[in-house]
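Trainee: Just dropping this structure here.
Values in this text are rule-based calculations from the coordinates and carry no lab data. Nothing here was measured: the structure is a model prediction, and the numbers come from that model. When we count neighbours, we look across all protein chains shown, and the Cβ atoms used for this are built from the backbone with ideal geometry, even at glycine.
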Amino acid sequence: MRRSLTVRLSLLIVTLATGACTTGGRSPPAPAPPGAPHAARAPPAASPPEPGASAAAATSPGASSASVSGSRSMEVQTNPLIDLHFFVRAIASGDAPSPGIAALDEAAKVARELETELGSPLGWGLLEGNLPAARSAAELVDVFGRLPERFELRLTGKSIAPRAGAVRFARALLAAEEAFLAQVWPRHQEALTRASGALARTLAPRERACFDFIHQHLGLELPAEPLPVALVAQGPRPQGFTFRRPGGRTLSVIAVEGRPELLVLETVLHEAIHALEVHSGGRGSALDQLRARLGAGGVTDADPLSREAIHGLIFIQAGETVRRLVDPSHRHYGEVAGVYAKAQRSASVELPIWKDYLDGKLTRDAAIERIATELLAKHPPAPAAP
């Protein structure tokens, strides 16, 4: 049976019967950093979900919901089509083993070809924001078939034409869908049900406190509607993604299989921060402040140092939210996955300063100024070309 499950945190638990199965994204055996490519702009879909409808409801014919409590911050969903899509991408990237189903292996081959056309894993975000508009792989063929002919990549300005490749990929998913639902989805669904239950236990009782803590310290406005979060069993690195959907809403996707509960929870909050920045435009937030201060020092948004520093604050804030409000023994994802070690030039500056700010030893303005001043002193931007 095709089933979808939705958990609205703090807490709405919703079971959806029947259903089929989003980033511009960055990064397994070892945990990989959540989030990447974040909030890639998705082109208009042929038939986007109605504003305010959950992605799960939009992708599940005959779905029904029952509210258990009244929070409006997050809605955690599972959906077979989204799970199939990210499972195939994980097989294609080598982040998940093939189950030995020929149609899935063929779909993974098509996924690798499409990623080449997209130019990098970041290019998937142009397509994946449209996933909620399809209720099945057959509908996804139609949705992808009505994508714009060409896209321009924001960071590089490069123009690409992936529609034909996207349709080939959707057709490959259609060919694999029946075998996936019969042979793979039942096991994935069990893992997703466990992960949803764990979030209900760990985050739901503290959801309001966690979001208030994020709002208080990052200055991001809390959502007027629940933030949709889709759990999938397996996905490519980084196993956490946030997409901008048609109409301006977002969808965050989190891979859960084989990952400790608290790291999944931290990834959910990490992606929620990305989604909040999209919804609020980031105006006046700590992230916006740091971006502007680095820009004033000559570090543009396209500079890897700017992206590393902004993303670093998100890692630290999400990790500290879990450690301070959920479990004091929690180790940050950035520490466990080696993210801080890889981004040591920014992490070594940001970690102590941001913790002092969270402890009330610094104002937000002082913390941002200190971070920017130290980063610019240690890593001055290259002089502009004459």
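Trainee: With a 10 Å Cβ neighbour count serving as the proxy for reagent exposure, in which order, fewest first, do S120, S136 appear?
Mentor: Final ranking by Cβ density, sparse to dense: S120, S136.
Trainee: Given labels modelled 7 Å from the Cα in the Cβ direction, how far is it in nm from A198 to Q216?
Mentor: Spacing of the two 7 Å Cα→Cβ label points: 2.7 nm.
Trainee: A follow-up question, please. For q = 0.14, 0.17, 0.18 Å⁻¹, what log10 I(q)/I(0) does the stretch 92-241 give under the Debye formula with an equal point scatterer on each alpha carbon and no solvent?
Mentor: The Cα Debye sum returns log10 ratios of -0.88, -1.13, -1.20.
Trainee: Residues with amide H under 5 Å of L227's amide H, sequence separation 5 or more or different chain, H placed in the peptide plane at 1.01 Å from N; which?
Mentor: Correct list: M74, E75.
Trainee: While we're on this one: For the stretch 283-378, list log₁₀ I(q)/I(0) at each q in 0.11, 0.20, 0.22 Å⁻¹, using the Debye formula over Cα point scatterers of equal strength and ignoring solvent, two decimals each.
Mentor: Scattering profile of the stretch 283-378, log10 relative to I(0): -0.30, -0.97, -1.15.
Trainee: Arrange the following residues from fewest to most other Cβ atoms within 10 Å of their Cβ: S252, S73. Please report the intermediate quantities before stating the final value.
Mentor: Details: S252 29, S73 20.
Fewest-to-most ranking of S252, S73: S73, S252.
Trainee: Still on this structure, I have one more. If you rank K361, K109 by fewest surrounding Cβ atoms within 10 Å, what's the result?
Mentor: On the way: K361 11, K109 14.
Fewest-to-most Cβ neighbours within 10 Å comes out as K361, K109.
Trainee: What FRET efficiency do you get for A341 and A382 if R0 is 22 Å and r is their Cβ-Cβ distance, rounded to the nearest 0.05? Write down the numbers at each step before the final one.
Mentor: On the way: r = 25 Å, r/R0 = 1.12.
Efficiency, rounded to the nearest 0.05: 0.35.
Trainee: Here is a further query. With the crude spin-label approximation of a point 7 Å out along Cα→Cβ, what separation in nm comes out for D359 versus Q183?
Mentor: So the label points at D359 and Q183 sit 5.5 nm apart.
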